[in-house]
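Chemist: Pasting in a structure now, in structure tokens, and then I'll have a few things to ask.
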Amino acid sequence: MNEIIPYLPGLSPVAGKELHARFDGGRLSSDGGVLFFPGIERRLGIADLLASCLHDERNPASTTHSYADMIRARMFAIACGGACPRAGQAEPGGGL
């Protein structure tokens, strides 16, 4: 494969370093894509959108995490192949 693939533009810096992504790595692992999830989720606002559909009846004085925070954490756990809390085992297909 000699085709030149340009960098994916618009990625936020990580630890103050510029981030470049290309998809021409051949047989390299793609696990590094997990690093992009927080930035992508922040831009799209998926967790906030889903949380806005729920009415939170909890006492705000006793609440540490918002629904959006909990949804966001679960999304990232699933994307990373996290265990299913109901079955206590990894989800089929890595949770995706």
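Chemist: Mind sorting SER12, SER66 by how few other Cβ atoms lie within 10 Å of their own Cβ, fewest first?
Modeler: The fewest-first ordering by Cβ neighbours comes to SER12, SER66.
Chemist: Next question, about the same structure. Could you give the nm distance between label points at GLU57 and LEU44, where each point is 7 Å from its Cα heading toward the beta carbon?
Modeler: With each label placed 7 Å out from Cα toward Cβ, I get 3.1 nm.
Chemist: Another question, then. In nanometres, what is the gap between the two model label sites at ARG74 and GLU18, each 7 Å from Cα along Cα-to-Cβ?
Modeler: Label-label distance for ARG74 and GLU18, simple model: 4.0 nm.
Each value in this text was obtained by applying a stated rule to the coordinates, not by laboratory testing. The structure displayed is predicted, hence computed values, not measured ones. Don't worry about glycine lacking a Cβ; one is built from the backbone with ideal geometry, like all the others, and counts go over all protein chains shown.
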